[in-house]
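**Q** One structure follows; several queries about it will come next.
Only the coordinates and a few stated rules stand behind these numbers; no lab work does. All of these numbers come straight from a predicted model, not from anything done at the bench. Glycine gets a Cβ as well: all are built from the backbone with ideal geometry, and neighbour counts include every protein chain shown.
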Amino acid sequence: MSRVELKPKDPKHEVIVGLDRQVSRFFITVSLVHDEDGMGPIVFKNRWSREDVIVNIDKYAEDTPRREKVISAIWMDLDPADHVPAKEPPS
């Protein structure tokens, strides 16, 4: 499973997108950075449509060139991890 970190709009969030190769589906998970009460992810679903992933990327991830590369890769059915490094570079 590929995982790519995107810069969140809300600094309390962590935004991870990628491709689950076993089921050939893109995903997004939005979690609290320091989830001390064990609430789990804010946004998570087992099966996503490509459009749902893009909508949630727009909703939770800051508009950056990195985000646009990830969105482009998803629209082209490519693994976003093949087009950007897994971790968000330090600002």
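**Q** What is the order of H13, H83, fewest Cβ neighbours within 10 Å to most?
**A** If I rank by nearby Cβ atoms, fewest first, I get H83, H13.
**Q** K59: which lysines have alpha carbons under 19 Å from its alpha carbon, excluding same-chain residues fewer than 8 sequence positions away?
**A** K7, K9, K12, K45, K69
**Q** Neighbour counts of other C-beta atoms within 10 Å: give me K69, K12 arranged from fewest to most. Could you put the intermediate results ahead of the total?
**A** Details: K69 14, K12 11.
Exposure proxy ranking, most exposed first: K12, K69.
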